[in-house]
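The values are calculated or read from the model by the stated rules, or taken from the named source; none is laboratory data. What you see is a predicted model; the values in this text were computed from it and never measured. Virtual Cβ from ideal backbone geometry, glycine too; neighbours counted across all protein chains shown.
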Amino acid sequence: MIIKAVKFRKDGFYSQPFVFGGEEGMEPFDQSIRYRGSLQNFLIDTGDEVILVDTGLPSGTPEEVPDESSLLYTGKDICSYMDAFWALGYKPEQVTKILLTHKHSDHSGELRSFPDAKIYVNAEEVSADELQGLPNIVPVTFTDGAYYNFPESQKICDGITFIKAKGHTNGNSIVVVENDGLFYMIHGDITYVDEALYANKLSVVFEDLPAARETLDRVCTFVREHPTVYCGTHTPQGYENLEAARVMDLDHPVETVLAEVDFSAKQATGIYVCSICGYVYDPAEHDGVAFRDLPEDWKCPRCKQGKDKFNPA
């Protein structure tokens, strides 16, 4: 069994209020503390199958232009998701299964590039806009009972389990891969950065706060009871943990390396991008209404987050 990271953005950041403020609000936390950000998804080669966990941003998604007020920044393009996938030496027709942690387009953006794969999705997520028109969706109802302290799971194949993990979205899921005595937890957005797991903090992005708290508690319990390599999507710690086979020790955090941020960047275009779900707001498609002129209580039409989660592109 081989697990590889599909890396497509780097040098992003996530501010402390964003990654810690889900339950207490953002005010107690320091926005000048910015944790390292990136974007990567994961590929599992079992020897018999090639299985993807999530499929990146859609090709052509514009880069963001953050400033001092930005709560988060998904980073600079390394390449497109598909270019990163091909660089690992695989072809789309080799992929047999895709395990989708949740609907947001930084996880689901290139599903259509794998028409021969079965896309396993929590049944509560299949009505999402991002998943419409896909004939190869397999709704998962988690009929295989408990997986350790997680009450609902589905065995995908030997050593790979899909776990119900509601909270970040109502159909959020986790993938656990058992290999050589370790448990590789590929978790989407249970936390955005490892510092939040060490601190036992929820991000400000959730569809069900009590469920998100329950899920994080279960993750913490699992990590304490099993040698777990914690593989996230939004931080380089995700692939660093993978490449080092580094077991998460909640009592002895890995030293934090803060993001180095350059705000001198490119000219903004008037287009804005939701850093949560990738929705692109182009004034040309909205009767010329500039993003800054939208009402302060305007929400992203896709993920329902506020204007403060958008960055100019």
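Of the residues in the range 275-284, how many are surrounded by fewer than 23 Cβ atoms within 10 Å (Cβ to Cβ) and under 23 Å from the mean Cα position of the chain (by Cα)? Total meeting the criteria: 3.
Is it the case that E296 is closer than 16 Å to L71 by Cβ, assigned to a loop (DSSP other than H, G, I, E, B) and not hydrophobic (A, V, I, L, M, F, W, C)? Here the answer is yes, as E296 does meet what is asked.
Within the range 252-293, track down each residue that is of a type in the set (A, V, I, L, M) and in contact (Cβ under 8 Å) with a residue 40 or more places away in the chain. Write out each step before concluding.
Keep residues of the range 252-293 that are of a type in the set (A, V, I, L, M), which gives 254, 257-259, 261, 265, 268, 271, 273, 276, 280, 284, 289-290.
V254, V257, L258, A259, V261, A265, A268, I271, V273, I276, V280 - these are the residues of the range 252-293 that are of a type in the set (A, V, I, L, M) and in contact (Cβ under 8 Å) with a residue 40 or more places away in the chain.
Residues of the range 191-200 that are outside any helix (DSSP H, G or I) and crowded, with 20+ Cβ neighbours inside 10 Å: T191, Y192, V193. Only a single criterion out of (1) touching a Ser or Thr at 6+ places or on another chain (Cβ under 6 Å); (2) not assigned by TED's automatic domain parsing to the domain that holds Q16; (3) not aliphatic (A, V, I, L, M) is not satisfied by D249, namely (1).
Only one residue in D217, D249 is free of Cβ contacts under 8 Å to residues at least 12 places away in the same chain, in a loop (DSSP other than H, G, I, E, B) and closer than 28 Å to D30 by Cβ. Which one?
Details: D217 fails: in a loop (DSSP other than H, G, I, E, B).
Of D217, D249, the one residue that is free of Cβ contacts under 8 Å to residues at least 12 places away in the same chain, in a loop (DSSP other than H, G, I, E, B) and closer than 28 Å to D30 by Cβ is D249.
Considering (1) in contact (Cβ under 8 Å) with a residue 24 or more places away in the chain; (2) part of a loop (DSSP other than H, G, I, E, B); (3) not basic (K, R), the lone condition that A211 does not fulfil carries the number (2). Put simply, of F150, F183, F162 the only residue that is crowded, with 24+ Cβ neighbours inside 10 Å and either within 20 Å of the chain's Cα centre (by Cα) or under 25 Å from V19 (Cβ atoms) (or both) is F162.
Of the residues D106, D48, which is more than 17 Å from the chain's Cα centre (by Cα) and either assigned by TED's automatic domain parsing to the domain that holds K164 or closer than 27 Å to S127 by Cβ (or both)? Before the answer, list the steps.
Details: D106 fails: more than 17 Å from the chain's Cα centre (by Cα).
After ruling out the rest, the residue left standing is D48.
For the range 291-313, enumerate the residues that are small (G, A, S) and at pLDDT 90 or above.
Step one: filter the range 291-313 for residues small (G, A, S), giving 306, 313.
Within the range 291-313, just G306 meets the criteria.
Among the residues of this structure, S80 does not count as one that is touching a strand residue (DSSP E or B) at 6+ places or on another chain (Cβ under 6 Å), small (G, A, S) and in contact (Cβ under 8 Å) with a residue 24 or more places away in the chain.
Within the range 125-140, no residue that is free of Cβ contacts under 8 Å to residues at least 12 places away in the same chain and closer than 15 Å to D54 by Cα sits with its Cβ atom under 6 Å from a residue that is among the aromatic types (F, W, Y) and surrounded by fewer than 16 Cβ atoms within 10 Å (Cβ to Cβ) at 6+ positions apart or across chains. For the range 58-95, a residue qualifies if it is touching a Leu at 6+ places or on another chain (Cβ under 7 Å) and surrounded by 17 or more Cβ atoms within 10 Å (Cβ to Cβ), and the qualifying residues are T74, G75, Y81, V95. In the range 27-56, the residue that is surrounded by the fewest Cβ atoms within 10 Å (Cβ to Cβ) out of those that are farther than 30 Å from D158 by Cα and touching a Phe, Trp or Tyr at 6+ places or on another chain (Cβ under 7 Å) is F29.
Only one of these is β-branched (V, I, T), closer than 27 Å to T169 by Cα and part of a helix (DSSP H, G or I): V273, V223, V229. Name it. Lay out the reasoning, then the answer.
Numbers: V273 fails: part of a helix (DSSP H, G or I); V229 fails: part of a helix (DSSP H, G or I).
None of the others qualify; the one that does is V223.
Note on the range 20-57: residues that are in contact (Cβ under 8 Å) with a residue 60 or more places away in the chain, assigned to a loop (DSSP other than H, G, I, E, B) and touching a Pro at 6+ places or on another chain (Cβ under 8 Å) amount to 2. Residues considered: E178, E195. Of these, the only one that is touching a strand residue (DSSP E or B) at 6+ places or on another chain (Cβ under 7 Å), acidic (D, E) and assigned by TED's automatic domain parsing to the domain that holds F42 is E195.
Just checking, which of G167, G188, G171 is buried (at least 16 other Cβ atoms within 10 Å of the Cβ), at pLDDT below 95 and outside any helix (DSSP H, G or I)? Before the answer, list the steps.
On the way: G167 fails: at pLDDT below 95; G171 fails: at pLDDT below 95.
Every option except G188 fails the conditions.
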